[in-house]
1. Hey, could you check the range 123-138 for residues that are modelled with pLDDT of 80 or more, in a helix (DSSP H, G or I) and more than 12 Å from SER89 (Cβ to Cβ) and say which is most open to solvent (accessible area, probe 1.4 Å)?
2. In the range 68-109, which residue that is of a type outside the set (Lys, Arg) and touching a Pro at 6+ places or on another chain (Cβ under 9 Å) is nearest to VAL36 (Cα to Cα)?
3. One residue is enough: does the range 37-60 have a residue meeting the conditions part of a loop (DSSP other than H, G, I, E, B), open to solvent by 50 Å² or more (accessible area, probe 1.4 Å), at pLDDT below 80 and of a type in the set (Gly, Ala, Ser)?
4. Is it the case that some residue within the range 61-76 is open to solvent by 50 Å² or more (accessible area, probe 1.4 Å), touching a Gly at 6+ places or on another chain (Cβ under 9 Å) and at pLDDT below 80?
5. Any residue in the range 38-65 that is in contact (Cβ under 8 Å) with a residue 60 or more places away in the chain sitting within a Cβ distance under 9 Å of a residue that is surrounded by 16 or more Cβ atoms within 10 Å (Cβ to Cβ) and among the aliphatic types (A, V, I, L, M)? List the pairs, counting only those 6 or more apart or interchain.
Amino acid sequence: MYTAQGKIDQRALLEQYMPLVRRHALALQVRLPASVELDDLIQAGMVGLLDALERFDTAQGASFSTFANQRVRGAMIDELRSRDWMPRSVRRSVRALDQVVHKLEQSLGRSPDEREIASALDMSVDEYHQLLLDANNGYLLGFDEVVSELGEPPAGETAPATPLDALLKGDARTHLVEAIEQLPEREKLLLGLYYQEELNLKEIGAVLGVSESRVCQLHSQAVARLRGRLAA
């Protein structure tokens, strides 16, 4: 949108893209603990939208829509990153989980199943499932955080449509692509639905035929596998 003088009409764009801020906030909120308020996400997203209005340059080739999506989402991730809601005890358990999964994959030559991981952690399967639920709050933003750190696309390039598109772009992501391909099929599908199709937990559960809590567990398990492989 442009004014009569040929300049971008910032006020009109702000009004047009305010629903986008709310949409991003709602999409993130369903992944997060109840303590994260929707209004806080919207406020952070509005800061990102205002930043996009100030920094957008038509000469770079990307549309304002893709640029605004990146800025809004990035601002929300920055706000969430500033809150360390995961207890230290859970964080220690998550690090142990990453290490155990990696060691089992090295020794077994394949992806370990849940019983094998639980046994290596000296836990029951139920205790392991609870750890996955606790860990999910820390894992949910794992991919999004990486995307927010990628910054603006080079001049002439269009911003990626989704977080997964951004992560899978470029030679530097070769190892990540390989790690994702090695995931069990259900976990690979889950990541695609979550990060590429941007379905929420309930929608993914309907596709996979499992509960929302089970989706959280499978998500945590998939990310633990990826983190273990990439750390190596």
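The values are calculated or read from the model by the stated rules, or taken from the named source; none is laboratory data. Note that the coordinates shown come from a computational prediction; the quantities given were computed from them, not determined experimentally. Backbone-built Cβ (ideal geometry, glycine too); neighbour counts: all protein chains shown. These accessible areas exclude ligands, DNA and RNA; they are computed on the full protein's heavy atoms, side chains included. Shrake-Rupley method; radii C 1.70, N 1.55, O 1.52, S 1.80 Å.
1. Here is the first cut: in the range 123-138, the residues modelled with pLDDT of 80 or more are 123-134.
Of the ones still in play, those that are also in a helix (DSSP H, G or I) are 125-134.
Checking which are more than 12 Å from SER89 (Cβ to Cβ) leaves us with 125-130, 132-133.
Working: VAL125: 38, ASP126: 119, GLU127: 102, TYR128: 1, HIS129: 41, GLN130: 92, LEU132: 0, LEU133: 54 Å².
My answer is ASP126.
2. Of the range 68-109, the ones of a type outside the set (Lys, Arg) are 68-70, 72, 74-80, 82, 84-87, 89-90, 93-94, 96-102, 104-109.
This time we only want the ones that are touching a Pro at 6+ places or on another chain (Cβ under 9 Å), so: 70, 85, 100-101, 104-105.
Working: GLN70: 21, TRP85: 10, VAL100: 31, VAL101: 30, LEU104: 35, GLU105: 35 Å.
Going through the qualifying residues, I end up with TRP85.
3. Kept after step one, since they are part of a loop (DSSP other than H, G, I, E, B), are these residues of the range 37-60: 37, 56-57.
Those still in the list that are open to solvent by 50 Å² or more (accessible area, probe 1.4 Å) too: 37, 57.
Still in the running and at pLDDT below 80: 57.
From the residues that got through so far, the ones that are of a type in the set (Gly, Ala, Ser) too are none.
No, that holds for no residue.
4. Within the range 61-76, one or more residues are open to solvent by 50 Å² or more (accessible area, probe 1.4 Å), touching a Gly at 6+ places or on another chain (Cβ under 9 Å) and at pLDDT below 80.
5. The qualifying pairs are ALA62/ALA159; SER63/ALA159.
Here is a yes/no grid of residues against (1) modelled with pLDDT of 85 or more; (2) open to solvent by less than 50 Å² (accessible area, probe 1.4 Å):
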position	(1), (2)
GLU187	yes, yes
GLU197	no, no
ILE204	yes, yes
SER211	yes, no
HIS219	yes, yes
GLY228	no, yes
ALA232	no, no
